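Below: the structure, in structure tokens.
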Amino acid sequence: MTSISRPYSRQSSSPKEVTHEGSAAKRTARPAPVESQSFVMNLFCGDGKVQHQFPYPQVLTPEDIQLVDMVTEPLTKKWVPEDALRFEANEKYDDTLWDLLREMGSFGIQVPPEYGGIGCNNTQYARLGELMGRYDLSLGVVLGAHQSIGFKGILLFGTDEQKAKFLPDLAAGKRVACFCLTEPSAGSDASGIKTKAELSSDGKHYVLNGSKIWISNGGIADVFTVFAKTPVRSETTGELKDKVTAFIVERGPGLTSGPPNKKMGIKASNTTEVFFDNVKVPVDNVLGQVGDGFKVAMNILNNGRFGMAGALTGAMRTCITAATDHANTRTQFGNKLSTYGDIQEKIAHMSVRHYVTESMAYMLSGVMDKGFTDYQLEAAISKVYASEAAWYVCDESIQILGGMGYMRETGLEKFLRDIRIFRIFEGTNDILRLFVSLTGLQYAGGHLKELQRAMQNPVANLGMIFGEGTKRFARSVGLSSGPSLQEYVHPQLRDEAALVSKGIQNFGASVEHLLMKYNKNIIHEQMLLRRLADAAIDIYAMVVVLSRATRALNANLNSAGIEKNIANLFCHEASKRIVDSLSGLRATQRLKNYSTMKSIAEEVLSNGGVVQNHPLD
Ligand code: MYA
């Protein structure tokens, strides 16, 4: 089994080998894959490691939650829906709101108190994001671009000096931060950036040249986390190679911002180009290690994704309230809308998606707060699920409100426009799906390779061979029903847990099939990778939902009944989708369909648009 690298948008003619230097040397002496504690990562090996998902994390005391609600109270008490529309029309927030946000401590939510912040943990931050998201996602973006990603690098990787220098003003909202990664020719392909930073001859500063696009807060920021290529000498070969390094850059000579971009939504947030023309950056402002910037960027993004899911649950809640208010009051054909099956089905599906998103957001923030660090795939899934669920919920709310939903004053059309960007920024959902599949396949590939290696010395590796052998044998003769979740879930959810086990088992077998059949070439099979990711998302969502519903049933919460019903409905529907997604990896007709899609797309693309004759021709 060979290792898998991920080309995403940069297509190579032949499958890319491991990208690090000296990869050939590393391949022969490749260490055993690091054991991951992540449920999703292990799912790719057909394992059901749910230890971090059960019990559903409860990291906040009622007082902790109260703190967050108190922080937002000055805003939520004053806010009226027209505010969001007014700020949108002005394409900015006014000084009164800005001052209020400063007073509330909203600019330094997770900054430790010693640096002037309010020191909230991830779960409190998610809750705050949720409360903001209920009113205005644009505001969430301003605050999120500032702290979820803008200065998150300083919190995660900053030295004590960098923290002391930058955090107090950023936490107080005296200065605003932003995250500068994307460039005209490097969007999803983040490591393809061209902005350069070269060390000055006296070694005291870097000289930064290049430009960034679509930077949230780009025109109002004073502190920029900038990613640029720097020449780094390889320890092994001695060669100079350009690698990404992260810098903290202050607004000053040579740094300029373009005019605000005109956008479809989140209009009150500021988005601009940022230009660097011989900007001098002191060497002390390198964030993390020189050459490690790509990992710094990825870690910041991974670390911030739960906030997005949190904010979107807030928006979804508002949409559901608007839809139910309307359904309960509007009479058509002699009855309230709420009595019609069509409307009830919509409300049920909206509620399920909201429940799943909420469960994922607080699962992720909760396990992060408990010190779990292996969450990159769960974070990507939560972002993908939340952004698609929010779009669905908002769209269906508008449908329930009909013509009224389409009118600006109901506020829903603004939510829809604002929500649309969430499937695009912080990693497009398409790229994140590939990221989930390829990272998982790489991990599973490493494990299969381990097994092959173990087979060369069976006596020393009996435990491993026996375990894997039994798993495969049981699967091949149809004896296994997959890793059991029965001991974790409430007895009333055992049937649903059995569906998860079945899903995990089928998923593991599908991964093995893909690795055996395509080997490294799997990186070119995006239609398969997408379906594999869809199955992973559904399986993870089932686990998260079962964990939360189990907690509700165990604690006999008021909402235990509906939570059980939601878990039941979601698991049954997800289970069907999983079968469909996984059969899309090998069923003959499905594979033929992909070839047909490819040929249709190629014809349309080479024609520059629609190919067929017009019906009137
Ligand atoms: S900010 C801009 C967002 N931009 C992106 O997200 C870029 C998307 N692209 C990528 O993520 C990467 O380029 C991809 C990798 C994934 C495509 N975690 O060979 P590789 C490792 C950990 O695959 P590439 C914005 O939108 C990988 O394992 N590690 O790399 C603002 C490998 O390691 P090794 C990772 O093919 C939005 C190495 O890197 C990850 O070049 C405003 C190379 O990998 C990862 N994720 O592409 C937001 N990925 O070498 C506002 C890769 O050891 C927020 N690696 O094998 C609002 C929220 C509201 C909050 C409310 C608050 C109150």
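I need to check one value: relative contact order of region 177-295, counting alpha carbon pairs closer than 8 Å and at least 6 residues apart, in percent.
Working: 285 pairs, mean separation 36.4, N = 119.
So the answer I get is 31 percent.
So, with a 1.4 angstrom probe, what is the percent of accessible area on the chain that is carbon and sulfur? On the chain, the fraction of accessible area on carbon and sulfur atoms equals 54 percent.
Legend: distances between Cα atoms for Lys212/Lys414; Lys196/Lys243; Lys49/Lys152; Lys229/Lys267; Lys194/Lys241; Lys165/Lys194; pairs beyond 20 Å are Lys212/Lys414; Lys49/Lys152; Lys229/Lys267; Lys165/Lys194. Note that the chain presents 45 Å² accessible area per residue, ligands and nucleic acids not counted, probe 1.4 Å. With all protein chains in place and ligands, DNA and RNA left out, the 1.4 Å accessible area ranks Arg577, Arg590 as Arg577, Arg590, largest first.
Charge dipole (Cα centre; +1 on Lys/Arg Cβ, -1 on Asp/Glu Cβ; no other charges) of region 177-295 amounts to roughly 340 debye.
Within the chain, DSSP assigns beta bridges of which about 85% are antiparallel (rounded to the nearest 5). Ranked by the mean number of other Cβ atoms within 10 Å per residue, highest first, peptides 608-615, 379-386 order as 379-386, 608-615. Over the chain, the pair-distance histogram of Cα-Cα distances with 20 Å bins from zero comes to 18, 51, 29, 2, 0 percent, rounded to whole numbers. Ordered by solvent-accessible area of protein heavy atoms (1.4 Å probe), largest first, the residues Lys263, Lys212, Lys241, Lys77 come out as Lys77, Lys241, Lys263, Lys212.
The simple spin-label model puts a point 7 Å past each Cα toward its Cβ; for Glu573 and Ser484 those points are separated by 3.1 nm.
The label-point distance for Asp202 and Tyr340, in a model that sets each label 7 Å from Cα toward Cβ, rounds to 7.5 nm. For region 95-196, what class follows from the C-alpha gyration tensor (a ≥ b ≥ c being the square roots of its eigenvalues): rounded when a/c is under 1.5, otherwise prolate if a/b is larger than b/c, else oblate? Oblate is the answer for region 95-196, as a/c is 1.5 or above yet b/c matches or exceeds a/b. For the pair region 206-222 / region 299-370, the C-alpha centres are spaced 35 Å from each other.
Here the relative contact order of region 62-172, from alpha carbon pairs under 8 Å that lie six or more residues apart, stands at 30 percent. Of the Cα atoms belonging to region 177-295, the radius of gyration and Dmax stand at 14.5, 50 Å.
Could you compute the FRET efficiency for Ala164 and Asn261, with r as their C-beta to C-beta distance and R0 at 45 Å, rounded to 0.05? So, using R0 = 45 Å, E works out to roughly 0.85. Full extension of the segment from Glu35 to Thr321, taken as 0.36 nm per residue of separation minus the current Cα-Cα distance, would add 98.6 nm.
Enclosing the Cα atoms of region 334-427 in their convex hull gives a volume equal to 106 cubic angstrom per residue.
Using the Cβ of Pro112 as centre and a radius below 13 Å, the other residues enclosed give a net charge of -1, where K and R count +1 and D and E count -1. Say the dipole of the chain comes from +1 at the beta carbon of Lys and Arg and -1 at that of Asp and Glu; which of Gly609, Gly403, Ile566 then lies farthest toward its positive end? Result: Gly609. Estimated from helical segments only, the mean residue ellipticity of the chain at 222 nm is -18000 deg cm²/dmol, where each DSSP H run of four or more residues counts as -39500 (n - 2.57). I need to check one value: relative contact order of the chain, counting alpha carbon pairs closer than 8 Å and at least 6 residues apart, in percent. With pairs under 8 Å counted, the relative contact order is 17 percent.
If R0 equals 51 Å, the separation of the Cβ atoms of Asn565 and Val610 corresponds to a calculated FRET efficiency of about 0.65. With distances taken between every two different alpha-carbon atoms, region 30-154 has a Kirkwood hydrodynamic radius of 17.0 Å. Using a Förster distance of 45 Å, how high is the FRET efficiency between Leu557 and Met407, based on the Cβ-Cβ distance and rounded to 0.05? Calculated value: 0.75.
The values are calculated or read from the model by the stated rules, or taken from the named source; none is laboratory data. This one's a predicted model, so the numbers in the text were calculated from it and none came from an experiment. Every residue, glycine as well, gets a Cβ built from its backbone with ideal geometry; the counts of neighbours run over all protein chains shown. Just the protein is used for accessible areas: all its heavy atoms, side chains included, with ligands, DNA and RNA removed. Shrake-Rupley method; radii C 1.70, N 1.55, O 1.52, S 1.80 Å.
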